[in-house]
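All remarks here apply to the structure that follows.
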Amino acid sequence: MKLLTDLDAIRTLTQSRLDNRRITGASGESITFRSVMVCGGTGCTSSDSNTIIAALEQEISSHGIESQVEVVRTGCFGLCELGPVVIVYPEGIFYSRVEVKDIPALVEQHLLNGKPYDKKIYEKTRHGEEILSFEETDFYKKQVRIALRNCGTIDPEVIDEYIASDGYKALAQVLTTMSREQVIDTVKQSGLRGRGGGGFLTGLKWEFAAKQNKQQKYVICNADEGDPGAFMDRSILEGNPHSVIEAMAIAGYAIGANQGFIYVRAEYPIAVQRFTKALDQAREYGLLGDDIFGTGFTFNIDVRLGAGAFVCGEETALIHSIEGHRGMPTPKPPFPAVEGLWGMPTIINNVETLANIAQIILNGAEWYASIGTEKSKGTKVFALGGKVVNTGLVEVPMGITLREVIFEIGGGIPGGKKFKAVQTGGPSGGCLTEEHLDCTIDFDTLTSLGSMMGSGGMIIMDEDTCMVDVARFYLDFTRDESCGKCTPCRIGTKRLLEMLDKITDGKGTMEDLENLEQLSLQIKNASLCALGQTAPNPVLSTIKYFRDEYMAHITDSKCPAGVCKSLISYEIDAELCRGCSLCARKCPSDAISGKVKEPYVIDKATCIKCGVCFDVCKFKAVAIV
Amino acid sequence: MEHQQTCSSVDIAEADEKLEKVKHAIEQFKLMKGALIPVLHEVQDIYGFLPEPVLQVVSEELNLPLSEIYGVASFYHFFSLTPKGEHVIHVCMGTACYIKGAQAVLDRLSTELKVPVQGTTEDNKFTLEATRCLGACGLAPVMTIGEKVHGRLVPNAVPKIINEYK
Amino acid sequence: MNTIKIMIDGLETEVVKGTTVLEAARDQGINIPSLCYLKGVNHSSSCRVCVVEVGPRLIASCTLIAEEGMKILTNTKKVRDARRTSVELLLSDHDRECLSCSRGGGCELQTVSNDLNIRKVTYTGEQSSREKDYTSPAILRDASKCILCGRCVGACGTVQTVGAIGFAKRGFDTVISTAFGRSLAESTCVNCGQCIMACPVGALTEHENISDVWNAIADPGKYVVVQTAPAVRVALGEEFGMPVGTRTTGKMVAALRRLGFDKVFDTNFGADLTIMEEGTELLSRLSSGQNLPLMTSCCPGWVKFMEHNFPDMLDNLSTCKSPHEMEGAVIKSYVAGKLGIDPQNIVVVSIMPCTAKKFEGAREELSHENMQDVDWVLTTRELAAMIKEAGIDFANLKDEAFDNPLGIGSGAGAIFGTTGGVAEAALRTVFELTSGKPLDTVEYTVVRGMSGIKENTIELPDGKQIRTAVVHGLGNARRLMEAMQRGEKSYDFMEVMACAGGCITGGGQPIVDAKTSEKIDIKAARAKAIYSEDEAQTIRKSHNNPFIKVLYEEFLGEPNGHLAHELLHTHYTVRSKY
């Protein structure tokens, strides 16, 4: 078991290592030691960052410069669009889309000779001849990293590095100097609200559970990140798992629980592996288990894997899933803080929420409350995705505008296309338009506009996106993910989807549009849990802001964005067609005929609109009309 | 004939080994509250799906009605009650991927492999599945084949990728 | 008592702490509609039909516990619209062939839909599972009528711990299913029919045999004999609008004659015969000390439950056939001889409060010389349906008496219909047989009542102590069996009935809707009628039944004797636990 003094010793010992991973302004040959940080998040791992690490290590050892370079596999840097990402300190040089074949040259030029490897330098860091540090780019400049702290600067699999960056200091402070009430007060005062979607005051939740006079209580970390398009929880678990463990222990102390569970998606193997490893390390150090820091406080954490059910992000469903049942929600009240896991008081906090806790304890409630807006304090992590230049993970202070996030940090819309909408809140949220771009991002503003904060998915859509199809996409998702327990959600989402299918199929009527709205309102009112209560939001918000698109589908039988298959057809432009016959050969329904070297023709009656001809044509002769 | 017999004895030995693993996993979780889902994860890890006879063993050992186990197994989409093809293709249908054309990739896979979504090819080589967000939105649209992630896909890339696995 | 004050629709009312808003409102005469809620069985708040407005939210009142100062609105536009939408959505996914549905008129969905003035189903579309499972000889399932309220799952899983069915799949594809979607016949279903009793619609019904019986009656070559179980006569009247607990024995017999049965016998006789056989068996097991406790075998739900779940304890079951099977065997042997009719031409029909009896009737081992002891089993509900079909004015029928020789049953036979009845009947006889002299009191009130497990030690006149357990409801039975397996409990004699309260609430009895069952204690009312049936008999003990004596003298010889064994005893089959 480690005591407080042991942790201090670890800090002293490891500090120098972390100091190397800073931008110092030094350059060229004056640098004697470099840190090569390779992103080990899921995105970059998918594009082979592990092989890159191996190649780096091999090159470095073949040059015999092991003592002058460290290679660190870190958590996510955020700019997934450019992955695999490699950052070299102390210059802060940002390499993007690095490939294994780049490594020999990169090592030789940069690590051996001190000259950045030009070929893979991130374009946005070029400033004339000068190469800026990545921190000066638009993507990073406006970010404030609290929850994502350490992601990208430490090796998440080395507990000492976490400890050296003030890790477990907050737990020590809580256990040795603060009462339970003080902890809860601090969290309350900070104004931290749940980052999983609900936006409930975290401190208040803790207080409810703390007040329950029960022997057994539980802390659950909800890592069943379900919003399709959000991956901040996964990134935190992959990049800074100890911050979650520390926070769960603090929560346990505050409410009087000695057992915690993390419920994490089985689809996140890297996150599960890193978190499990972190748990082992924390146990080994005595930071979990009996008598932590000799204070008599006991706390343990077990991992439970989700099994592919979005509804299990809902608190009561998650509880039933841990209990071994179908993830079907039960009514609240009773709230989990009163009657939760196995009937015992339970708090459930989302990963990102917990990742803020240690910093709040260390820096104080006022510090945290000074960031953000009056009712939405602190920062929020967003997963930028869709039709945006900088796809990735960003952490911004509450109160920032959508425009700043999408156009400054996100770099705007690629391919010179026009911005059409931004979707926040995932399947529970709504679509906002151009006119909302200057609205601030906070819980209440987003809700008042008919969307919501949700867990932080932010999907950007351009002129090629059909908003009716987007609504249909979300309803297809919620219909598929509805647990099937309550009537409005089980049958209602199906009926909504059917009406949307009808409309995107060009068979919709005005009555359908009216029914769509009516039924949406009823499902919101009458459903048992938040999934059903918010499922119609994508429908309602698109009808509200993009009614003309619905009308175009219904009255003109047109899909303005050219997405809905039934409302488009493919044609071959005789002028552009070279008669190569590729489309005819690839067509699965034999709908294309013609003679080689003469223009081909699509028979619309047999065409199944699969789009293969459009994809394969090298001369852009196939057009959607 | 002889060959077949050897095969079957190997099969039996393998089957026994797998069942032993399951029993070991059950032992490990048995006394834990809410053991069912962790046990099902283990069974799926071992067999690639949840075979009915194995679930009967789970039913016996955990003292839970088989109908309840079936109810849980069929609720969670991560669990499969039918065997899958040699290569399981998961096409991410998260929003980011969808907006960037995942549907076209999925359609193309379906056309190329001649299987419907959630189906397995006749030669048992491929199972095609649409899946929830894989969290690799930066690489959208994304699919995984086995452990391998293929990102920034366009429909035209599909035939070549599939060929690598044939 | 701890009470709190709440406001319902602007009126202040005081309710006991812990009361649900639904109960509180109904006590105030506010008829909040509900579908999925069935007290003690299902509290899932899933149908959303009983929502009320509390603050800004709509909350299901069935599971909402009233809190001090709570303000509840039950009749606002928001509430009405939400309720109507939920019911409309249910109807959009429901096979609406109400005119030919067996639950027509008694369907809770139909009632709620009418009450809410639903005249049109706005949202239509694809219907979910339409699968029909007609494989079980006892229970039919029709998914196209299922509204997924979960009441059957509560009855089968939570209450009975049979767990043959449960929720499977999810979302719109959710179904109530057996393990791996097997047919009910291949499942662990014990046919108790409590799912039918719980079902608010026509998704679960008995496997009807009405036309089979009509055909037999219409066949001039057949001699059709009917017998009725004790619990039928105290419930049949409900199907004709009579209050719960009305005894209609005489009218029932009259109706059966009008339906065209050639002989109307009383299964109470078979019950008396069972006591003779089982009492003797008990005494012999007590003296040998083998296969104790002796477990009753009258209840076919319980027997099949044992076969699936406790196959290593089948030797503990009494080898006695159940009363109507014994009676069937006697009809096709002794009575046939008396009447001079070829038993091959006799059709025995049993009117039972039970669906499991249908399965039992079809058991191969319950036959003799290639003839089933009982040919057809009809439920109380099916009998009522036949009476209605025949146009018989049941309420105004004059009482008639059973035919002889099997028309006389003792009071002991009558109480077989309720929990504790078999034990009490057995004790009446065993006590007298061991003491050799008549008994002063016949009523063993210790085994009566509705507590789930009743344990007693009863001293016989010879000083022998019999440790008895009387159990009803299979959930209670399972708990007791498991306690026995763990060695925590041991008994000499166990009476088990699968259904809570015994046969009076069997799966073939008139279905009582959820609301009525909250108001009226059905079990108590029917049990009371059963006991008054007993009190009305001059013969209260099985061994005093004069025809029983004649039967042994003229035909069977000794209880547990050779012929008795051949005709009146059976054996059991080990069945899969899955």
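For the residues A:I87, A:I93, A:I52, the requirement of being under 22 Å from A:A26 (Cα atoms) and in contact with a Cys (Cβ under 9 Å, 6 or more places away or on another chain) singles out A:I87. Just one of the listed residues (A:D480, A:D464) is within 14 Å of chain C (Cβ to nearest Cβ) and surrounded by fewer than 21 Cβ atoms within 10 Å (Cβ to Cβ), and it is A:D480.
Looking for whichever is of a type in the set (D, E, K, R), farther than 17 Å from A:K494 by Cβ, touching a residue at least 40 places away in the same chain (Cβ under 8 Å) and away from chain C (no Cβ under 11 Å) here; the options are A:K565, A:K558. Which one fits?
Numbers: A:K558 fails: touching a residue at least 40 places away in the same chain (Cβ under 8 Å).
Only one candidate passes the filter, namely A:K565.
Filter the stretch A:390-410 down to the residues that are more than 13 Å from every other protein chain (Cβ to nearest Cβ) and on the phi > 0 side of the Ramachandran plot and list them by number. Before the answer, list the steps.
Initially, the stretch A:390-410 is screened for residues more than 13 Å from every other protein chain (Cβ to nearest Cβ), giving A:395-409.
Across the stretch A:390-410, the qualifying residue is only A:G399.
Restricting C:T122, C:T111, C:T135 to those that are under 30 Å from C:W376 (Cβ atoms), β-branched (V, I, T), surrounded by fewer than 19 Cβ atoms within 10 Å (Cβ to Cβ) and in contact (Cβ under 8 Å) with a residue 24 or more places away in the chain reduces the list to C:T135. Taking the stretch A:1-55 as the range and being assigned to a strand (DSSP E or B) and either within 30 Å of A:V174 (Cα to Cα) or of a type in the set (S, T, N, Q) (or both) as the test, only A:S35 passes. C:E14: more than 22 Å from C:T111 (Cα to Cα) and in a loop (DSSP other than H, G, I, E, B), yes or no? Here the answer is no, as C:E14 does not meet what is asked. Taking the criterion of being of a type in the set (D, E), away from every other protein chain (no Cβ under 14 Å) and either in contact (Cβ under 8 Å) with a residue 12 or more places away in the chain or crowded, with 24+ Cβ neighbours inside 10 Å (or both), the only residue of the stretch A:229-283 that qualifies is A:E246. Within the stretch C:27-44, residues that are small (G, A, S) reach partners that are modelled with pLDDT of 95 or more and crowded, with 19+ Cβ neighbours inside 10 Å with beta carbons closer than 6 Å, at six or more positions or on different chains, in the pairs C:S34/C:V49; C:S34/C:C50; C:S34/C:C62; C:S44/C:C36; C:S44/C:G150. Restricting A:A257, A:A209, A:A230, A:A271 to those that are within 20 Å of A:G167 (Cα to Cα), outside any strand (DSSP E or B), in contact with a Ser or Thr (Cβ under 9 Å, 6 or more places away or on another chain) and of a type in the set (A, V, I, L, M, F, W, C) reduces the list to A:A271.
Out of (1) part of a loop (DSSP other than H, G, I, E, B); (2) away from every other protein chain (no Cβ under 14 Å); (3) modelled with pLDDT of 95 or more, what's the single condition that is false for A:G324? Exception for A:G324: condition (2).
Of note, A:S62 satisfies the criterion of being without any contact (Cβ under 8 Å) to a residue 24 or more places away in the chain and surrounded by fewer than 23 Cβ atoms within 10 Å (Cβ to Cβ). Looking at the structure I just gave you, is C:E307 touching a helix residue (DSSP H, G or I) at 6+ places or on another chain (Cβ under 9 Å) and crowded, with 23+ Cβ neighbours inside 10 Å? No, not satisfied.
The residues in the stretch A:521-540 that are surrounded by fewer than 24 Cβ atoms within 10 Å (Cβ to Cβ) and over 22 Å from A:F200 (Cα atoms) can be counted, and the count is 2. If I filter the stretch B:29-41 for residues that are in contact with a Pro (Cβ under 7 Å, 6 or more places away or on another chain), in a helix (DSSP H, G or I) and under 17 Å from A:P228 (Cβ atoms), do I get at least one hit? Scanning the stretch B:29-41, I find no residue that is in contact with a Pro (Cβ under 7 Å, 6 or more places away or on another chain), in a helix (DSSP H, G or I) and under 17 Å from A:P228 (Cβ atoms), so the answer is no.
Would you be able to say whether some residue in the stretch A:528-547 is in contact with a Cys (Cβ under 6 Å, 6 or more places away or on another chain) and in a loop (DSSP other than H, G, I, E, B)? Yes, the conditions are met somewhere in the stretch A:528-547.
So which residues in the stretch C:548-578 are aromatic (F, W, Y) and either at pLDDT below 95 or under 23 Å from the mean Cα position of the chain (by Cα) (or both)? Let's see the steps before the verdict.
From the stretch C:548-578, those aromatic (F, W, Y) are C:552, C:555, C:572, C:578; that's our starting set.
Within the stretch C:548-578, C:Y572, C:Y578 qualify.
Kindly indicate whether A:A307 is out of contact with any Gly (no Cβ under 7 Å at 6 or more places or on another chain), under 18 Å from A:T42 (Cβ atoms), in contact (Cβ under 8 Å) with a residue 24 or more places away in the chain and of a type outside the set (D, E). Spelling it out, it is not the case that A:A307 is out of contact with any Gly (no Cβ under 7 Å at 6 or more places or on another chain), under 18 Å from A:T42 (Cβ atoms), in contact (Cβ under 8 Å) with a residue 24 or more places away in the chain and of a type outside the set (D, E). Scanning the stretch C:166-217 for residues being in contact with a Cys (Cβ under 8 Å, 6 or more places away or on another chain), more than 20 Å from C:S144 (Cβ to Cβ) and among the β-branched types (V, I, T) gives a total of 0.
Can you work out which of the residues in the stretch A:292-314 that are touching a Phe, Trp or Tyr at 6+ places or on another chain (Cβ under 8 Å) and assigned to a helix (DSSP H, G or I) is farthest from the other protein chains (Cβ to nearest Cβ)? If we take residues in the stretch A:292-314 being touching a Phe, Trp or Tyr at 6+ places or on another chain (Cβ under 8 Å) and assigned to a helix (DSSP H, G or I), then A:C312 is farthest from the other protein chains (Cβ to nearest Cβ).
Where strands (runs of 3 or more DSSP E) sit wholly within the stretch C:113-212, those with at least 1 residues that are within 14 Å of chain B (Cβ to nearest Cβ) and within 30 Å of A:E498 (Cα to Cα) occupy C:139-142, C:166-168, C:175-177.
Within the stretch C:21-75, the set of residues being surrounded by fewer than 23 Cβ atoms within 10 Å (Cβ to Cβ), over 21 Å from C:K5 (Cβ atoms) and touching a strand residue (DSSP E or B) at 6+ places or on another chain (Cβ under 7 Å) is empty.
Scanning the stretch C:307-347 for residues being in contact (Cβ under 8 Å) with a residue 60 or more places away in the chain, within 30 Å of C:A469 (Cβ to Cβ) and assigned to a loop (DSSP other than H, G, I, E, B) gives a total of 3. Where helices (runs of 4 or more DSSP H) fall wholly inside the stretch B:64-166, the ranges with 2 or more residues that are out of contact with any Gly (no Cβ under 8 Å at 6 or more places or on another chain), over 19 Å from A:C44 (Cα atoms) and more than 9 Å from every other protein chain (Cβ to nearest Cβ) are B:102-113, B:158-165. Residue-level check: of (1) farther than 30 Å from C:I387 by Cβ; (2) of a type outside the set (S, T, Y); (3) in contact with a Leu (Cβ under 8 Å, 6 or more places away or on another chain), C:F310 misses just (3). A single member of A:Q173, A:Q182, A:Q212, A:Q216 is farther than 26 Å from A:A278 by Cα, in the same structural domain as A:Q273 (by TED's automatic domain parsing) and touching a residue at least 40 places away in the same chain (Cβ under 8 Å), and it is A:Q212. The set of residues from the stretch C:456-474 being surrounded by fewer than 18 Cβ atoms within 10 Å (Cβ to Cβ) and closer than 24 Å to C:R526 by Cβ comprises just one member, C:N456. Of all the numbered requirements in (1) within 14 Å of C:A82 (Cα to Cα); (2) within 9 Å of chain C (Cβ to nearest Cβ), A:K524 misses one, and that requirement is (2).
The values are calculated or read from the model by the stated rules, or taken from the named source; none is laboratory data. Bear in mind the structure is a predicted one, so any value in this text is a computation, not a measurement. Neighbour counts run over all protein chains shown; Cβ positions are idealised from the backbone, glycine included.
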